[in-house]
Amino acid sequence: MTIIEEHRTEVRVGNVQYQIAVVANPGARAEQGRVTVTVGGEGPEGEPVAHGRLDLDTAAVPTVADLLAGSLHAFAGTGGPRRRSGERPAQQGKPWSAELDAELESAWLAGEPVAELARRFARTAGGIRARLPRVGCDPERPGHHLPAPPSLRGPAEGAGE
């Protein structure tokens with residue numbers, strides 16, 4: 001039995017139907033072989049608007065994908081996909097645990113700056129600023145909790161403010 005790995009997508013844009021297929025060549029596993037990329041597109045009368053085929057070593061797929069995307073966007077004048085500069089922090093996008101939240105709150109209240117917290121937690125500075133209110137800290141005032149909303153304040157807290 002031969003197993004062929006493949007990914008096929010069809011999409012209609014306006015009155016054009018596009019197809020793309022990425023298929024691991026028979027007899028080769030996608031992790032260590034070659035893939036064939038086939039692109040096609042037909043207009044409303046069946047006329048071809050896109051047609052092509054690439055045969056790639058699987059190790060080249062990420063590089064060729066980036067090159068194609070960038071080149072085609074540049075040719076079309078759309079500016080291309082947004083690229084990140086540098087490496088992503090190791091924990092970016094990963095869930096926070098209760099222990100990490102407690103550590104973040106404690107470090108913020110001790111006056112640790114956002115940049116240092118970002119390094120310490122392997123997150124972006126924006127990720128740290130976004131998480132601070134979730135642990136009750138005021139991201140605009142280092143070392144402070146957020147004030148309790150009026151509906152949660154006791155009678156003595158609300159008087160005189």
Of the residues that make up segment 54-77, is at least one over 26 Å from the mean Cα position of the chain (by Cα), in the same structural domain as residue 23 (by TED's automatic domain parsing) and modelled with pLDDT of 90 or more?
yes
Looking only at segment 117-130, how many residues end up being assigned to a helix (DSSP H, G or I) and under 13 Å from residue 89 (Cβ atoms)?
9
Checking the structure you have, find out if any residue of segment 82-91 is closer than 30 Å to residue 123 by Cα, exposed (fewer than 11 other Cβ atoms within 10 Å of the Cβ) and at pLDDT 85 or above.
yes
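The values are calculated or read from the model by the stated rules, or taken from the named source; none is laboratory data. Remember, predicted model here, so these are calculated numbers, not experimental data. As a convention, Cβ positions derive from the backbone with ideal geometry for all residues, glycine included, and neighbour counts pool all protein chains shown.
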